[in-house]
Amino acid sequence: MSDVSFTPTGPPETILPEPHPELVGAIEDAELEDLMTITAAHPAEPLGWASLGDAARATGVEDISVYAYYRVGYHRGLDLLRKNGWRGSGYVRRAHPSNRGFLRCLEGLAVMAEAIGESEEAERCREFLQQLDPDVD
């Protein structure tokens, strides 16, 4: 279980555990097809889904598929957050590298929701990002 710190100055902060080292090493220079295999081997890791979504977007995969990659990563990230003490509120800051996969999924989901015409969802995602880490623009 990771740290969930309670402070007298604000909401608790959740820090996700580090992604599986095999995943981190494998995604560094992976192509899209490889990322599909890597992510399938580590489906609970938001970092894999974020990397898959980013690569798919960069290579021109249709918007709805990219949206789906980010959405799966977002939901797997919520599962991981809950498993590590998050109770629906509090900070999940980008300053902690282990939180970045989840935050990238949420950010990508906002962008792709807008791209497929889901403006309300895109706005909810942007607001959620701001709530999770108010220090990031």
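Is it the case that Glu121 is out of contact with any strand residue (DSSP E or B) (no Cβ under 8 Å at 6 or more places or on another chain) and open to solvent by 80 Å² or more (accessible area, probe 1.4 Å)? So Glu121 fails the test. Among the numbered conditions (1) open to solvent by less than 30 Å² (accessible area, probe 1.4 Å); (2) free of Cβ contacts under 8 Å to residues at least 40 places away in the same chain; (3) touching an Asp or Glu at 6+ places or on another chain (Cβ under 7 Å); (4) not hydroxyl-bearing (Ser, Thr, Tyr), the only one that Ile38 does not meet is (3).
Screening Leu23 with (1) open to solvent by 50 Å² or more (accessible area, probe 1.4 Å); (2) over 13 Å from the mean Cα position of the chain (by Cα); (3) among the hydrophobic types (A, V, I, L, M, F, W, C) gives one miss only, at (1). Scanning the stretch 41-69 for residues that are outside any helix (DSSP H, G or I) and open to solvent by 30 Å² or more (accessible area, probe 1.4 Å) returns Pro43, Ala44, Glu45, Thr59, Gly60, Val61, Glu62. Every test in (1) more than 23 Å from Val136 (Cα to Cα); (2) touching a helix residue (DSSP H, G or I) at 6+ places or on another chain (Cβ under 6 Å); (3) free of Cβ contacts under 8 Å to residues at least 40 places away in the same chain; (4) aliphatic (A, V, I, L, M) is passed by Val66 save one, and that test is (3). Restricting to the stretch 88-103, and then to whatever is farther than 15 Å from Glu18 by Cα and in contact (Cβ under 8 Å) with a residue 24 or more places away in the chain, can you tell me which residue is most open to solvent (accessible area, probe 1.4 Å)? Checked the stretch 88-103; the qualifying residue most open to solvent (accessible area, probe 1.4 Å) is Ser89.
The values are calculated or read from the model by the stated rules, or taken from the named source; none is laboratory data. Source: prediction; values computed, not measured. Reconstructed Cβ throughout: ideal geometry from the backbone, glycine too, with neighbour counts over all protein chains shown. Just the protein is used for accessible areas: all its heavy atoms, side chains included, with ligands, DNA and RNA removed. Shrake-Rupley method; radii C 1.70, N 1.55, O 1.52, S 1.80 Å.
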